[in-house]
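Comments concern the structure below.
The values are calculated or read from the model by the stated rules, or taken from the named source; none is laboratory data. Worth saying up front: this structure is predicted, and the values here are computed from it rather than measured. Ideal geometry is used to build each Cβ from the backbone, glycine not excepted, and the neighbour counts take in all protein chains shown. Keep in mind that these areas ignore ligands, DNA and RNA; they rest on the heavy atoms of the full protein, side chains included. Shrake-Rupley method; radii C 1.70, N 1.55, O 1.52, S 1.80 Å.
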Amino acid sequence: MRETSNPVFRSLPKTQGGYAQFGTGASGFGAQQVHAQPYAQEYLEQPQTGVSRPLTIDDVVTKTGMTLAVVSAVAVVSYFLVAGNEALMMPFTLIGGLGGLVMVLIATFGRKQDNPAIVLTYAALEGLFLGGASYLFANLVSSGGPSMIFQAVVASIGVFIGMLVVYKTGAIRVTPKFTRMIVAAMFGVLALVLVNFVLAMFGVGGGEGLGLRSGGALSIAFSLFVIALAAFSFLIDFDAADQMIRAGAPEKAAWGIALGLTVTLVWLYIEILRLLSYFNND
């Protein structure tokens, strides 16, 4: 089974041959090899009467839609609250961003990806973050305004749908080598961003560090690369979700898939918004 670049998917239960094959009856459970993962063990120890039905694509679509609806609703409210009082921008952005990160860490390392309360709490916090960050990029960092936010939303949805089509048609195959390349690139980007941040703190490059976020040609190229990386990450996420459905994971695992896809989509949106701000910077 291929490993996904998304940490939310990577910590989901696996067996030697892939994702855990959760049965729908006593014979299904009896056929499984029990491994050490607590998340998998939780389902394997459930009594027969408590077994949920297998995961379907409709479950994934429904839970992902609910999660994104919460993100969008809170983001809109957050944006207009910040527009009415700019003093709220930093608290919303920091609380939402850090709170969302904490929820992802709890879901990932606590193996609670299928907990709807955690997923929807993450969605609300991320919406709070997106409202503040969107106002920052659209009105303070640049002069793009609401139209730039709309462009970023449309572009993000377009990339998501486009990569789904690419995955479904098999235009790009998700292989172990492909996955390793994406994961390596993600670690490389993270390292560059951290180095750029540290150098900027010490005033290197006039406070711009390596210039990855200065708005120049290098910044544009870097953002385009990160956007492409986020887009290709969708392919690996789609493949992981597809494998879970084929493996017969329980239907509540759809919450974990929704969380993983939302994390990638938010990352993509922020990077597209940042790129557009470069072109609307007076």
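The table that follows gives values for the structure above.
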item	result
Cleavage-rule hits (trypsin sites (Lys or Arg not before Pro)) in segment 172-247: DSSP loop, at most 13 neighbouring Cβ within 10 angstrom	R173
Fully extended contour minus Cα-Cα distance, from D242 to N85, at 0.36 nm per residue	52.1 nm
Virtual spin-label span in nm between T169 and M181, 7 Å along Cα→Cβ	1.9
Label-point gap, in nm, between A217 and L190 - each point 7 angstrom along Cα→Cβ	3.1
Inter-label distance for V204 and S52, nm, one decimal - labels placed 7 Å from Cα along Cα-to-Cβ	4.7
Share of carbon and sulfur in the accessible heavy-atom surface of segment 190-257 [1.4 Å probe, %]	73
Formal net charge of residues neighbouring M66 (Cβ-Cβ distance under 15 Å; K, R +1; D, E -1)	-3
Accessible surface of L105 - all protein chains present, 1.4 Å probe, nearest 10 Å²	80
Heavy-atom SASA rank of K168, K252, K112, K63 (probe 1.4 Å, accessible area, largest first)	K168, K112, K252, K63
Extension gain (nm, one decimal) between S147 and I106, 0.36 nm per residue minus Cα-Cα	11.2 nm
Three-way shape call for segment 101-172 based on the alpha-carbon gyration tensor, with the a/c threshold at 1.5	oblate
Accessible surface, segment 64-201, averaged per residue in Å² (probe 1.4 Å)	52
Label point 7 Å beyond Cα of I95 along Cβ direction - residues of segment 102-142 with amide nitrogen under 16 Å	102-103, 121-133
